[in-house]
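Enquirer: Could you have a look at this structure, given as structure tokens, before my questions?
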Amino acid sequence: MSSYAKAGAYSGLALITPLSGWICYKIGQYLNQAWNTSMLDTAGLILGCGVGMYETVRQATRIEGLDRKK
């Protein structure tokens, strides 16, 4: 993979964690209103950021080719 292709792939990784955190936070807000609770938005934010970080690491190892078995 050329250096320009890697740079393009890495620039997309910058949005994964914040977007997944925001989406899960909004889902938690909706569930708070629907179920009359108070902590699902925070749980959604933590879950979303964790999943986003996992996906970022997974995609970065794929881009670098470290996921291939030797």
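The values are calculated or read from the model by the stated rules, or taken from the named source; none is laboratory data. All values reported here derive from a predicted model rather than from experimental measurement. Ideal geometry is used to build each Cβ from the backbone, glycine not excepted, and the neighbour counts take in all protein chains shown. Heavy atoms of the whole protein, side chains included, go into the accessibility calculation; ligands, DNA and RNA do not. Shrake-Rupley method; radii C 1.70, N 1.55, O 1.52, S 1.80 Å.
Enquirer: For n ≥ 4 DSSP H runs only, could you compute -39500 (n - 2.57) per run for the chain, divide by its residues and tell me the 222 nm figure to the nearest 500?
Expert: -27000 deg cm²/dmol
Enquirer: Moving on. When a/c reaches 1.5 or more, the comparison of a/b and b/c decides; with that in mind, is the chain rounded, prolate or oblate per its Cα gyration tensor?
Expert: Judged from the Cα gyration tensor, the chain comes out prolate (a/c at least 1.5, a/b above b/c).
Enquirer: Additional query: Let me know the charge dipole size of the chain about its Cα centre in debye, to the nearest 20, where only the beta-carbon of Lys, Arg (+1) and Asp, Glu (-1) is charged.
Expert: 380
Enquirer: Okay, moving on. Taking all protein chains in place and a 1.4 Å probe, what share, in percent, of the accessible surface of the chain do carbon and sulfur account for?
Expert: Accessible surface attributable to carbon and sulfur in the chain totals 66 percent.
Enquirer: Leaving out ligands and nucleic acids, and using a 1.4 Å probe, what accessible area per residue does region 10-70 come to in Å²?
Expert: 76
Enquirer: Got the relative contact order for the chain handy, in percent, Cα pairs under 8 Å and 6 or more residues apart?
Expert: Taking the mean separation of contacting Cα pairs over the length of the chain, I get 35 percent.
Enquirer: With the dipole of region 15-70 worked out from charges on the C-beta (+1 for Lys and Arg, -1 for Asp and Glu) around the Cα centre, which of G65, T37, C49 lies farthest toward the positive end?
Expert: Ranked along the dipole, the leading option is G65.
Enquirer: Using 7 Å Cα-to-Cβ label points, what is the S2/L31 separation (nm, one decimal)?
Expert: 4.5
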